[in-house]
Amino acid sequence: MTILRQLLMPTLILLGLLSAASTPVLAERPIVAAASDLQFALEDVASRFQADSGHTVRLNFGSSGNFRRQIAQGAPFELYLSADEAYVEALYRDGHLEDEGVLYAIGRVVIAAPASRPELVDGSLETLRGALESGRITRFAIANPDHAPYGVAARQALQAAGLWERIEPYLVYGENVSQAARYALSDDTDGGIIAYSLVRAQALSERSAYELIPEDRHEPLRQRMALVNGAGATARAFYEYLQQDPARAILAAYGFVLPEDD
C-alpha cells in the first residue's frame, strides 16, 4: 500500500460510512396507496408537501377494495387513503394498520358526459330515465361496485332512482373511478356516474359536462386514511401534512367536503 493511500484511507472510510448512513434517508420515498378519486388532488398535495418539506412520496392510485386486499397480503405500502372507511377499519381489526386512522374527506358523485353531448347531465337522473325509455342509451360507465366505493355510490344512486335494473345491461365498468371517468367522457360512451373530484380537475373539467347527484341518493362516501404497520418517517410526515391547512385547502378545491364541514 502506498504512503499516499495510507494517508487517504481514514478519509475514504469516513466518507463511505457517511454515504452509507445517509443513503436510507435520502432514498426513502414511501409508496402511498390512494383511492383513484384522489388522483389529481393528491398529486397537488404531494407537490406542495415536497416544496414545503423537501421530501417526496410515490403515489399509487387504484380501487380502495383492491388496495385493502393487497395490504392484507403484505404489499409494501406505508400509507393507505381509502374512499371507504370500512376498508380501513377492517384492516385495523385484522392487525395491518397502526390504528383506525382519521377521516380526511367526504366524497361526492356526479353524472357526467362529454362536453359536446351534455344532454344526459341532470343530477335528478330524470333525463337519464327518459333516455333509457327511448332507447338512446348504449353504454354508461360506473366504477366496479365489487371493489370501488364510487361504484357502490353510483349503483345506490341508480337504485334510488329506480333505474338500476333497466340500465344494468348497458353498464361499462371501470376497474376504479378514474378509469370509469375515462370511459364516461369518451366518444364511445353516453356518460356515467363518477367522482366530483375528478371533473373538478382542469384536465377533465374542460372537456366534460356534469352535475352533482343529491347526497341523499347514496350512502356517504366517508374517506379514511391510516398508516400501515412499519411506516417510515416520510410516510408519517405526509400523513400529518394531509391533516394540515395547506392540504385540506387543496382537497376542498377539488370538491371534497372536509370532515368538520360535513
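Here, each number is a calculation from the coordinates, and none is a lab measurement. None of the values given here were measured: they were computed from a predicted structure. Don't worry about glycine lacking a Cβ; one is built from the backbone with ideal geometry, like all the others, and counts go over all protein chains shown.
Centre-to-centre separation between the Cα atoms of the stretch 76-123 and those of the stretch 42-58: 20 Å.
Using the Cβ-Cβ distance between Asp216 and Glu28 with R0 set to 41 Å, the FRET efficiency from 1/(1 + (r/R0)^6) comes to roughly 0.40. Could you tell me which residue out of Pro169, Ser197, Ala148 lies farthest along the dipole of the stretch 107-217 toward its positive end? Charges go on the beta carbon: Lys and Arg +1, Asp and Glu -1, centred on the Cα centre. Going by the Cα projections, it comes out as Ser197.
Sorted fewest first by neighbouring Cβ atoms within 10 angstrom, Leu38, Leu132, Leu120 come out as Leu132, Leu120, Leu38. Taking percent of Cα pairs over 34 Å apart as calculated from this structure, the corresponding entry among [x] 23; [y] 28; [z] 13 is [y]. How high is the relative contact order of the chain? Use alpha-carbon pairs under 8 Å, at least six apart in sequence, and give a whole percent. This gives 28 percent for the chain. Pairs of alpha-carbon atoms within less than 8 angstrom and 6+ residues apart define the contacts here; what relative contact order does the stretch 107-217 have, in percent? Rounded, it is 43 percent for the stretch 107-217. Dividing the summed helix terms, -39500 (n - 2.57) for each DSSP H run of n ≥ 4, by the number of residues in the chain produces a 222 nm estimate of -13000 deg cm²/dmol to the nearest 500. Listed peptides 244-253, 121-130 appear in the order 121-130, 244-253 once ranked by packing, highest mean of other Cβ atoms within 10 Å at the front.
In this structure the amide hydrogen of Asn176, modeled in the peptide plane, comes within under 5 Å of the amide hydrogens of Asn144, none closer than 5 places in sequence on its chain.
With r defined as the distance between the Cβ atoms of Arg236 and Ala75 and R0 fixed at 22 Å, what FRET efficiency is calculated, to the nearest 0.05? The formula returns an efficiency of 0.75 here.
Taking a point 7 Å from the Cα of Arg136 along the Cα-to-Cβ direction, the residues of the stretch 151-165 with backbone N closer than 18 Å to it are 163.
The Cβ shell under 15 Å around Val57 holds other residues with a net charge of -2, Lys and Arg each +1, Asp and Glu each -1. Report the paramagnetic label zone for Asn60: residues of the stretch 86-109 whose backbone N is under 18 Å from a point 7 Å from Cα along the Cα-to-Cβ axis. Once the point is set 7 Å along Cα→Cβ of Asn60, 87-88, 91-92, 96-98 turn out to lie under 18 Å by backbone N, inside the stretch 86-109. Among DSSP beta bridges whose residues both lie in the chain, state the antiparallel percentage, nearest 5. Percentage antiparallel, nearest 5: 60.
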